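No lab work stands behind these numbers, since they all come straight from the coordinates. Not measured: the values here are computed from a predicted model. In this analysis, Cβ positions are derived from the backbone assuming ideal geometry, glycine residues included, and neighbour counts consider all displayed protein chains.
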Amino acid sequence: MKKKKKIQLFDCVNNAILLLVALICVCPFLYVFFVATSNGTFLQRGEVTFFPKGFNLEAFKYILGNSKFNVWTGMRNSFVYTIGGTLVSMAITYVTAYVLSRERMKSRFILMGAFIVTWVFDAGIIPQYIIYNKLGFIDNPWVMIIPGAINTQFLIITKTFIEGIPKELEEAAFVDGANDWTILTKVFLPLSKTIMATIGTFYAVAIWNQYLIPQIYLKSDNLKVIQQVLKEVVITDAGASTAFKNVIINDITLNQQNLKSAAIFIAMLPIVLVYPFVQKYFKKGIMIGAVKG
């Protein structure tokens, strides 16, 4: 009986700690939202400590409705790059992992070693720029999709997951006359929902949050991603001096803090909304893919 009470007490303490960690993680996100939805007058007076004062959504309407911020263009491009890049990366990563996990592939260790070398040793930005320039990726939207189509870390996780699928399924399929493509799509892929959801989430987050690659290679305004728009809105002096003068709308004052917080929240929100849909696969996919057996 005492042992049972100790276990219950441990569970309560553990749950309390996890809840505290969750609140710590959520607080910055909420604070950005509360600043964005507060009246700028209270912000200027320093009266907003955490919860909003003079709650309103005018900052979001102003950011989204003002064409000079290019928020809609950035959001559209980020969605296109993220969806396209994630689908391409998942397909190429899974096919490559399947090939490298087959024992009949004699040179699989050499190929895997080549992937690991490129993962460990990075040539740097200048050689990368020269190569991308030769391949025509400068000011080309494909730079957000093709070069990063395979992440070695996610490839290793996927390969380990596939190696954990019983070989008897593949042997039975071969006996029934199936080829490699049929086995890949009809046998292995339906069993890989967890790992596909996991690496898909990783790829989507990485592409959505990508800043350095688009900043270097995407120069045209119609190709820029939301992170570049956010940088121009929040960081650049030009944005602070011209775009963020105080605005009064419906007797509500919008200042720099309101508008910058609204822009940051808009950029964060879409990728945050992805997690609830893949959460049930996430932990299981990581554990299965990381440990063989």
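Just need the relative contact order of the chain here, percent rounded to a whole number, with Cα pairs under 8 Å and 6+ apart.
Details: 302 pairs, mean separation 89.0, N = 293.
Worked out over the chain, it gives 30 percent.
Rounded to the nearest 20 Debye, what is the dipole magnitude of the chain about its Cα centre when Lys and Arg each give +1 and Asp and Glu each give -1 at the C-beta?
On the way: 28 positive and 16 negative charges, 184 e Å.
With only Lys, Arg, Asp and Glu charged at Cβ, the dipole is about 880 debye.
For the range 99-241, build the charge dipole from Cβ charges (+1 Lys, Arg; -1 Asp, Glu) around the Cα centre, then report which of Thr194, Asn179, Gln227 sits farthest towards its positive end.
Asn179
When the Cα centres of the range 128-197 and the range 30-96 are compared, how far apart do they sit, in Å?
Rounded to whole Å, the Cα centres lie 32 Å apart.
Which one, Ala149, Ala123, Ala97, has the greatest fluctuation when you compute a Gaussian network model over the chain with C-alpha springs under 10 angstrom?
Ala123
Of all the C-alpha pairs in the range 1-67, what % are more than 20 Å from each other?
Details: 1167 of 2211 pairs.
Of all Cα-Cα pairs in the range 1-67, 53 percent lie more than 20 Å apart.
Quick check: the angle from helix 2-36's long axis to the longest principal axis of the chain, C-alpha only, nearest 10 degrees?
50 degrees
Given the options Lys106, Lys219, Lys231, state which has the largest fluctuation in a GNM of the chain using a 10 Å cut-off (strictly under) for Cα springs.
Lys106
Just from its helices, what would the mean residue ellipticity at 222 nm be for the chain, if runs of 4 or more DSSP H residues each count -39500 (n - 2.57) and the sum is divided by every residue, rounded to the nearest 500 deg cm²/dmol? Kindly include the intermediate steps, with their values, before the conclusion.
Working: 13 runs with 188 residues, N = 293.
Mean residue ellipticity, 222 nm, calculated: -21000 deg cm²/dmol.
Rg/Rh for the range 121-278 to two decimals, with Rh computed the Kirkwood way over all alpha-carbon pairs.
For the range 121-278, the value is 1.14.
Obtain the radius of gyration and the Kirkwood radius of the range 101-212 from its C-alpha atoms and give Rg over Rh.
My calculation puts Rg/Rh at 1.04.
Provide the convex hull volume over Cα atoms per residue for the range 19-168, in Å³.
Numbers: hull volume 33.1 nm³, N = 150.
It is 221 Å³ per residue.
Among Ala206, Ala22, Ala172, whose mean-square fluctuation peaks in a Gaussian network model of the chain (Cα, cutoff 10 Å)?
Of Ala206, Ala22, Ala172, the Gaussian network model singles out Ala22 as fluctuating most.
Over the chain, what portion of Cα pair distances is larger than 25 Å, expressed as a whole percent?
Working: 26528 of 42778 pairs.
Within the chain, distances greater than 25 Å cover 62 percent of Cα pairs.
Considering only DSSP states other than H, G, I, E and B, which chymotrypsin sites (Phe, Trp or Tyr not before Pro) in the range 1-85 qualify as loop sites with at most 16 other Cβ atoms within 10 Å?
Numbers: sites: Phe10, Phe29, Tyr31, Phe33, Phe34, Phe42, Phe50, Phe55, Phe60, Tyr62, Phe69, Trp72, Phe79, Tyr81; in loops: Phe50, Phe55.
For chymotrypsin sites (Phe, Trp or Tyr not before Pro) across the range 1-85 that sit outside H, G, I, E and B with at most 16 neighbouring Cβ atoms in 10 Å, the list reads Phe50, Phe55.
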